[in-house]
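Pasting in a structure now, in structure tokens, and then I'll have a few things to ask.
The values are calculated or read from the model by the stated rules, or taken from the named source; none is laboratory data. All figures in this text were calculated on a predicted structure; none of them were measured in a lab. So basically every Cβ, Gly included, is an ideal-geometry build from the backbone, and we count neighbours across all protein chains shown. Just so you know, the surface numbers come from the protein's heavy atoms only, side chains and all, with ligands and any DNA or RNA stripped out. Shrake-Rupley method; radii C 1.70, N 1.55, O 1.52, S 1.80 Å.
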Amino acid sequence: MKILISNDDGYQAPGIVALYEAIKDLAEVEVVAPEHNNSAKSNALTLHSPLYVHQAASGFRYVNGTPADCVHVALTGLLGYRPDLVVSGINNGANMGDDTIYSGTVGAAMEGYLFGIPAIAFSQTQKGWAHLDAAARKARELVQRMLAGPVSEAAPWLLNVNIPNLPYAELKPFRVCRLGRRHAAEKVISQTSPHGETMYWIGGAGPAKDSAEGTDFHATAQGHVSITPLKVDLTDHDGLSAWVQAATHLGQAGEAGR
Ligand code: MN
């Protein structure tokens, strides 16, 4: 078995080092990760500047690009083989609910999934790396279980995993959840630059809006490790027939399937 590891916090982040150390004996494991912090880069690919790959003394390879760049380059030429599993993380902070749209941690895993390879994105729910050893141990357990079975099944899958920052003994079992929802993000923060110009900082993510039972927010608040299977199809399937009806009023151009 072969595993590719990436992340969005950069190849020197404690989370990716802990993840590598936790699973390196389970398979042939290689790390290809961003040179710098690329959090919130989602699935972005770099198309208008070249990418360079260097190797650190640790053996980790790092790229002057996004998380998706790293996995893309690894899968399309750098590795020279097809890994059985792509894992991403462990991220410095939660990727729950709407976070998954923005997350570079999820983006790296999703790039593997788009190439037909099973993938897992791991995040700790709080920033700061508290109890990272426990999170790495949980990640190892899940990877080990997946390598023993589901990896070899035909259809690829994508799991989003969030681990509370708790000591291992206090972590409750894995729980499969749907994504919750967040409120809109906090306000942008404006400041005056030393040159007298107004500059803006993107504000924090919004608080949970839907954290009902069955969501990732709820499960992790109870101390469980949440697992949400993700898919990429953004079609609003529930709204599809209503939109077909609405479109008929727009004339021929609105006919379904055109
Ligand atoms: Mn990050």
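Against the condition in a helix (DSSP H, G or I), away from the ligand (no atom under 16 Å from the Cβ) and open to solvent by 50 Å² or more (accessible area, probe 1.4 Å), how does G77 come out, does it pass?
Here the answer is yes, as G77 does meet what is asked.
OK, next. For S42, work out the one condition from (1) surrounded by 21 or more Cβ atoms within 10 Å (Cβ to Cβ); (2) in contact with a Gly (Cβ under 7 Å, 6 or more places away or on another chain); (3) closer than 26 Å to A219 by Cα; (4) polar (S, T, N, Q) it doesn't fulfil.
(1)
For the subset of region 138-158 comprising residues that are buried (at least 17 other Cβ atoms within 10 Å of the Cβ) and out of contact with any helix residue (DSSP H, G or I) (no Cβ under 8 Å at 6 or more places or on another chain), which member is nearest to T215 (Cα to Cα)?
Taking the candidates together, the pick is L142.
Could you tell me how many of the residues in region 201-255 are under 18 Å from H183 (Cα atoms), open to solvent by 90 Å² or more (accessible area, probe 1.4 Å) and not in a loop (DSSP other than H, G, I, E, B)?
1
Something else: Return the only residue of A139, A169, A94, A130 being of a type in the set (A, V, I, L, M, F, W, C), closer than 22 Å to L26 by Cβ and either under 15 Å from the mean Cα position of the chain (by Cα) or modelled with pLDDT of 95 or more (or both).
A139
Do we find a residue being assigned to a loop (DSSP other than H, G, I, E, B) and touching a helix residue (DSSP H, G or I) at 6+ places or on another chain (Cβ under 8 Å) anywhere in region 101-112?
Checked region 101-112: no residue is assigned to a loop (DSSP other than H, G, I, E, B) and touching a helix residue (DSSP H, G or I) at 6+ places or on another chain (Cβ under 8 Å).
While we're looking at this one, here's another question. Determine, yes or no, whether Y113 is of a type outside the set (V, I, T), within 29 Å of E186 (Cα to Cα), open to solvent by 10 Å² or more (accessible area, probe 1.4 Å) and modelled with pLDDT of 95 or more. Working first, answer last.
Numbers: of a type outside the set (V, I, T): yes; within 29 Å of E186 (Cα to Cα): no; open to solvent by 10 Å² or more (accessible area, probe 1.4 Å): yes; modelled with pLDDT of 95 or more: yes.
No.
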